[in-house]
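J.: One structure, pasted below without further comment.
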Amino acid sequence: MNATETKSERLDGWNRPPVIAPDGEGELLEVAMGPHHPSTHGVFRMDLALDGERVVRLKPVFGYLHRNHEKIAEQASYLASMPYTDRLDYICSLTNNWAYALAVEKLAGQEVPERVQYIRVILGELTRIQNHASSIGFLLQEMGASGTPLMYAFKEREKILDLFESLTGSRMMCNYMRFGGCRVDVSATWLDAARKVVAGLPQFVDEFETLLSSNEILMARCQGVGILRPELAVNAGVTGPMLRASGVDYDIRKVDRYGIYDRFKFRVPLGDHGDVYDRYMVRILEIRESIRIVEQALNDIPAGPIMDPKARIRGFRPKPGEAYGRIEAPKGELGFYLISDGGPNPYRYRVRPPSLINLTVLEDMCLGSNVADVVLIFGSVDIVLGEVDR
Amino acid sequence: MKSAEEIKAAIEAAVPGAGVEFVPNPGPAAEHSLRLAPASAVAVATFLRDDADLAFDFLSNVSGVDWPDREIAEKVKVARTVTKTVDGVEQSVEETVEETRKRVEPGCLEAVYHLYSVAKKHGPLVIRMKTANRIDQVELPSLTPVWRAAEFQEREVFDLYGIIFTGHPDLRRLLMWEGFKDHPMRKDYVEPDDYEYEPTPHDHVLKRAQERRAAEAALGTEGLRGCGTNKRETVNYEL
Amino acid sequence: MAVDQHLKIELGKQGVLVTTIEEIYNWGRRSSVWPMQFGLACCAIEMIATTMARYDLARFGAEVFRPSPRQADLMIVSGTVTKKMAPQVVRLYNQMAEPRYVIAMGACAISGGPFKQGYNVLKGIDRYIPVDVHIPGCPPRPEALIQAFITLQKKIDGQHLTGADRPRHLDAGAQGEFPVPEQGEHDLEPTSNAGVWPVQIQGLRD
């Protein structure tokens, strides 16, 4: 970029890299990768045009898991949509619940008691830990590590899921947050069990890092692959660890300070290059920061009610208006845009899916690289199809 | 961050003839929005992104909203000549009479954008654009050349609502398959009749199950295969 | 025809193993059912958790999950089948070689599940392909998937090699290719496959 370029040219998101002209004779090979593919994290299709092994064009095709969540939410009441939010990003159901509860509380002007804020932070950060661990496990599996890092990650995930199950009743689809509170109270025994699990987590991250972070194959395959420039990332609406790995300091926990995040001391890891290795390292470091947050929250959690006394549970009809509530979900910025017309059902219910919007730059990151790198770059975006297609 | 009225003033100072309207948001959230005129929307959006103070470089969310036609009945006082008997004599008298007039307020489709700033860490600013009607004038300018984040989300709004974004580099369906003809998120979308009627339905499902069974008894299951008993209207767009 | 148990034990004491071809054939088949790596949605995560260290599915014979349908015996349809995905599911089923089995895992694969009102949701995969075991749950626990696997193994054990109810791969006249639905303008055409839907369930009124 030279100095004579104007600012809008530099920031213009449609500033795409030139299509790499195929060298030599021959046609482009058009391959559909997916929807049934071992590495596509679910039912997702990429139409690749290949020149030999190099990618010349990549068009993603969505909709294979489009389950009409937004339409169903218009026909169901606000609370009836809470179990559906579990199934959006199905690995992290509690953060989905929190984002939706936050948006409705903003819409209806409800307050949340102290104890519930602490519970939300504990569960949200535990969700983030198990999501990042699983994501790294899946990335390594696509690199060829055939399941062993995934087994390590799932071992810790099972311990966290045990905690979720004893509190909410379900391992994955927790349906726990309510508008102005949560469903059941945490007991002292649960808090002790949580402290034990969290005490064992730093050792797990150390073991993971010892095995993986300076691994030759990981470094050779991930460094310099799938570079994302920070200006393009911001213009394309990328959020979450992908944005921070490109060096942009934007963490909604620090920016919006929703909940009680301003009471906790934690750092935000940033990357230098924006390649796959940086995204992997940002996730590992975020696990460590989340462990710190959970330890602080478990120490400081106060006693108190778990539901806003002024909250209406039956006949919940927020006043007409609209609101947009967002949180820093493990995948990025998860937002809910709600329009109320005074009735028991929302008039418009919209989910802002971080996974779909992070995929806007997939083609830019993959152009010119090999098909094997496409698998890795796609794995480092860390998507869940339930959220992409809703 | 400046409030929405201040931003409106700044836009009108920078982009002459912008046609920005302030839309208040009732309710506790108080997220007021600005309605842009489609003709100047791209210029306003570029100003919002590039201005040093505002620096809205991050488009977070694009949603479509469907506002169907509304029938409004209002009582109007009208002067009319009425034949009345006054003192036993029939006369034409002018009187003010209350009449109920029904009018149809045409609906529209709306696109709502939520903007944030990563550089200044403020937001949100809500901007909206609405189409002229829901039937044939459904074009809006695309903001994808300004913020790349709108690329997939505007495609989804086109797919589910039918708003045609002019200037979008690749406007095709995102979630439904290519040959699909309806726009499912509209309020008047009729779903295909493929429901599996469980043995003990109730309420509106029972009604539909009874209609379906009556139709099956008349036509036989073979006659109904592959088509639904729901009436639906297809609206074809020039793509 | 089964072998008399007492005779078996007596001969076993002498070091002679007696069985029928049917028993040993079915034992070989049921002890190494290899599933296809086919996860659609949330139930896929529970399926992956079932193959992980805590609820190891490999000890029941599902040693590897093959990504290719040609090399797999079992298709675990885990997750919601949407109308956009349904033709691909049927095509994959057609590409599997006999003997092949289908487990419909989770409420969505059985009947559409919580998303039953969706315009893009196929109300159950048994509209187009025959299903052997249905697992209710949303998502079903890993133990439920293991129980379904064992139920499938019992079903395979009980199959007779000759006779009218012999399995499809020994029946030359059985249907091999199931018709793939087309994506029409409003819905899939046809909405269901006449040969497999509706499922005849004993004891259901109406």
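A short reminder: the numbers here are calculations on the coordinates, not readings from a lab. This is a predicted model, so every value here is computed, not measured. Cβ coordinates were reconstructed from backbone atoms using ideal geometry, including for glycine residues, and neighbour counts include every protein chain displayed.
J.: For the pair A:ASP206 and A:LYS155, how long in nm is the line joining their label points, each one 7 Å along Cα→Cβ?
T.: Each label point is offset 7 Å from its Cα along the Cβ direction, giving 1.5 nm.
J.: Using the count of nearby Cβ atoms within 10 Å as a rough guide to exposure, how do B:TRP67, A:TRP98 rank from fewest to most? Walk me through the intermediate numbers first.
T.: Values: B:TRP67 17, A:TRP98 26.
If I rank by nearby Cβ atoms, fewest first, I get B:TRP67, A:TRP98.
J.: Something else now. Under a crude label model (7 Å from the Cα following the beta-carbon direction), how far is C:GLU177 from B:VAL23 in nanometres?
T.: If labels sit at C:GLU177 and B:VAL23, their model points lie 5.3 nm apart.
J.: Please identify the longest segment of chain A free of exposed GluC sites (Glu not before Pro), where exposed means a DSSP state other than H, G, I, E or B and no more than 14 other Cβ atoms within 10 Å.
T.: My reading of the result: A:112-390 is the longest stretch.
J.: May I pose another question? Suppose R0 equals 60 Å. What FRET efficiency, 1/(1 + (r/R0)^6) with r the Cβ-Cβ distance, do A:LEU298 and B:GLU94 give to the nearest 0.05?
T.: Efficiency at R0 = 60 Å is approximately 0.15.
J.: A further question follows. Report the one residue of A:LEU167, B:LEU109, A:ILE287 whose Cα lies farthest in the direction of the positive end of the charge dipole of the protein assembly as shown (charges on C-beta: Lys and Arg +1, Asp and Glu -1; origin at the Cα centre).
T.: Looking along the dipole axis, the top candidate is A:LEU167.
J.: Also, quick follow-up: In whole Å, what is the distance between the alpha-carbon centres of segment C:144-187 and segment A:54-125?
T.: If we compute the Cα centre of each part, the gap is 37 Å.
J.: Enumerate the lysines that C:LYS83 could reach by cross-link, defined here as Cα to Cα under 23 Å, with residues fewer than 8 away along the same chain left out.
T.: Those lysines meeting the cut-off are A:LYS59, A:LYS71, B:LYS181, B:LYS187, B:LYS231, C:LYS116, C:LYS123.
J.: May I ask you to sort C:CYS43, B:CYS108 by Cβ crowding, counting other Cβ atoms within 10 Å and putting the fewest first?
T.: Ordered by Cβ neighbours within 10 Å, fewest first: B:CYS108, C:CYS43.
J.: Taking each residue in A:328-337, count the Cβ atoms of any other chain within 10 Å of its Cβ, then average. What number comes out?
T.: On the way: counts 0, 0, 0, 0, 0, 4, 0, 5, 1, 9.
Taking all residues of A:328-337 together, the mean is 2.
J.: With no solvent and one equal point scatterer per Cα, compute the Debye intensity ratio I(q)/I(0) for the protein assembly as shown at 0.09 Å⁻¹ and report its log10, rounded to two decimals.
T.: With one equal scatterer per Cα and no solvent, log10 I(q)/I(0) is -0.94.
J.: Are there DSSP H segments in chain A that both extend 15 Å or more along their axis (alpha-carbon positions) and score a mean Kyte-Doolittle hydropathy of at least 0.0? List them, or say none. Mind showing how you got there, number by number?
T.: On the way: long enough: A:93-108 (23 Å, 0.29); A:114-140 (39 Å, 0.28); A:148-168 (29 Å, -0.11); A:188-212 (36 Å, 0.42); A:276-300 (36 Å, -0.16); A:371-381 (16 Å, 2.27).
Membrane-span-like by this rule: A:93-108, A:114-140, A:188-212, A:371-381.
J.: Provide the FRET efficiency to the nearest 0.05 for the B:THR81-B:ASP188 pair, computing r from the beta carbons and using R0 = 41 Å.
T.: Efficiency, from the Cβ-Cβ distance: 0.50.
J.: Which of C:ASP187, A:ASP162 has the fewest other C-beta atoms within 10 Å, and how do the rest follow up to the most?
T.: Lowest to highest Cβ neighbour count: A:ASP162, C:ASP187.
J.: Separate question: For C:ARG91 and C:ALA194, calculate 0.36 nm times their separation in residues minus their Cα-Cα distance, and state this gained length in nm to one decimal. Each step should come with its number before you reach the end.
T.: Details: separation 103, 0.36 × 103 = 37.08 nm, distance 1.71 nm.
Between C:ARG91 and C:ALA194, full extension yields an extra 35.4 nm.
J.: Also, I was wondering about something else. Using a Förster distance of 60 angstrom, determine the FRET efficiency expected from the C-beta separation of B:GLU5 and C:LYS154, and round it to 0.05.
T.: That gives a FRET efficiency of 0.25.
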